[in-house]
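Peer 1: Below: one structure in structure tokens.
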């Protein structure tokens with residue numbers, strides 16, 4: 001009986017640590033998918049196997065272990081490498097077109113379709 | 001008349017998109033970060049190459065006017081090309097050069113220094129590449145010129161030093177005083 005309890009405790013502990021590890025690495029994946037690799041441009045840090053991307057993943061993991069949240073990590077990297085490193089640009093004067101144009105085109109297209117349909 | 005306007009508009013649109021795309025073709029779309037605005041965190045920890053002691057960048061920056069941080073590795077061929085320039089800079093008494101050995105094997109790194117000479121006053125190691133990223137660098141070789149008094153980055157070079165960059169570095173150091 002004692003042995004059973006011991007084994008159960010060990011299994012529980014192992015799975016617990018595994019789980020917390022997996023949760024952290026999932027977080028690293030999530031953040032690195034939102035970052036642009038500066039060496040092989042066009043790939044995300046998550047996809048890239050370049051030295052830069054590999055180091056970046058370690059850095060993100062360290063930052064998470066330090067207790068930093070996603071926002072803080074993104075901000076840290078934006079200060080170091082500029083806005084360009086994130087795939088999700090902020091709404092600013094020079095990115096406003098990027099955000100508004102698709103919406104505008106969508107509305108324009110909808111108007112076109114509605115007019116076509118209503119004419120028929 | 002309306003038909004004509006439509007035709008003209010279409011032709012205009014085609015020509016416009018042709019030239020837009022043509023211009024895009026010739027433009028290299030490689031982004032490099034805004035090099036001079038980034039701030040340096042002087043508190044990151046790293047180990048020395050020649051001893052196991054830990055240090056911070058704060059301790060390495062000494063009382064000379066300038067510091068050059070050079071990121072290098074023994075496996076990096078362009079680093080070999082720029083090495084003579086670093087050795088040459090070392091003769092200036094206004095600055096000290098700190099080397100960051102990037103993702104390297106310790107034995108190879110020491111061999112590299114033995115073979116080509118040591119321009120660095122101190123060498124720290126960055127086996128995981130994290131320190132370099134914290135400095136805002138993303139590869140080897142990279143050279144950062146720091147003004148020690150104001151603790152700001154004066155200039156950052158991505159890629160190996162060459163005659164032109166070397167001359168510019170010398171100018172910067174001369175003009176700042």
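Conditions tested, residue by residue: (1) over 20 Å from residue B:135 (Cα atoms); (2) exposed (fewer than 10 other Cβ atoms within 10 Å of the Cβ); (3) touching a strand residue (DSSP E or B) at 6+ places or on another chain (Cβ under 7 Å); (4) more than 14 Å from chain B (Cβ to nearest Cβ).
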{"site": "A:14", "(1), (2), (3), (4)": "yes, no, no, yes"}
{"site": "A:45", "(1), (2), (3), (4)": "no, no, yes, no"}
{"site": "A:51", "(1), (2), (3), (4)": "no, no, no, no"}
{"site": "A:58", "(1), (2), (3), (4)": "no, no, no, no"}
{"site": "A:61", "(1), (2), (3), (4)": "no, no, no, no"}
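Peer 1: Continuing with this model, one more query. Among A:38, A:77, which is the only one that is touching a residue at least 24 places away in the same chain (Cβ under 8 Å), part of a loop (DSSP other than H, G, I, E, B), buried (at least 17 other Cβ atoms within 10 Å of the Cβ) and at negative phi? Break it down into steps so the answer makes sense when it comes.
Peer 2: Details: A:77 fails: part of a loop (DSSP other than H, G, I, E, B).
A:38 is the lone residue from the list that is touching a residue at least 24 places away in the same chain (Cβ under 8 Å), part of a loop (DSSP other than H, G, I, E, B), buried (at least 17 other Cβ atoms within 10 Å of the Cβ) and at negative phi.
Peer 1: Related question: Between A:90, A:72, A:83, which is at the interface with chain B (Cβ under 10 Å from one of its Cβ atoms) and either surrounded by fewer than 17 Cβ atoms within 10 Å (Cβ to Cβ) or in contact with a helix residue (DSSP H, G or I) (Cβ under 6 Å, 6 or more places away or on another chain) (or both)?
Peer 2: Working: A:90 fails: at the interface with chain B (Cβ under 10 Å from one of its Cβ atoms); A:72 fails: at the interface with chain B (Cβ under 10 Å from one of its Cβ atoms).
Being at the interface with chain B (Cβ under 10 Å from one of its Cβ atoms) and either surrounded by fewer than 17 Cβ atoms within 10 Å (Cβ to Cβ) or in contact with a helix residue (DSSP H, G or I) (Cβ under 6 Å, 6 or more places away or on another chain) (or both) holds for just one of A:90, A:72, A:83, which is A:83.
Peer 1: Right, something else. When you go through B:165, B:149 one by one, which is the residue that is assigned to a helix (DSSP H, G or I), farther than 14 Å from residue B:71 by Cβ and away from chain A (no Cβ under 12 Å)?
Peer 2: On the way: B:149 fails: assigned to a helix (DSSP H, G or I).
Within the list B:165, B:149, the selection yields B:165.
Peer 1: While we're on this one: Regarding residue B:99, is this residue surrounded by fewer than 22 Cβ atoms within 10 Å (Cβ to Cβ) and touching a strand residue (DSSP E or B) at 6+ places or on another chain (Cβ under 9 Å)? Outline the logic, then answer.
Peer 2: Numbers: surrounded by fewer than 22 Cβ atoms within 10 Å (Cβ to Cβ): no; touching a strand residue (DSSP E or B) at 6+ places or on another chain (Cβ under 9 Å): yes.
Considered against the rule, which asks whether it is surrounded by fewer than 22 Cβ atoms within 10 Å (Cβ to Cβ) and touching a strand residue (DSSP E or B) at 6+ places or on another chain (Cβ under 9 Å), residue B:99 comes out as no.
Every read-out reported here was derived from the displayed coordinates using simple, explicitly stated rules and does not represent laboratory data. Just so we're clear, the structure is a prediction, and the values are computed from it rather than from any experiment. Neighbour counts run over all protein chains shown; Cβ positions are idealised from the backbone, glycine included.
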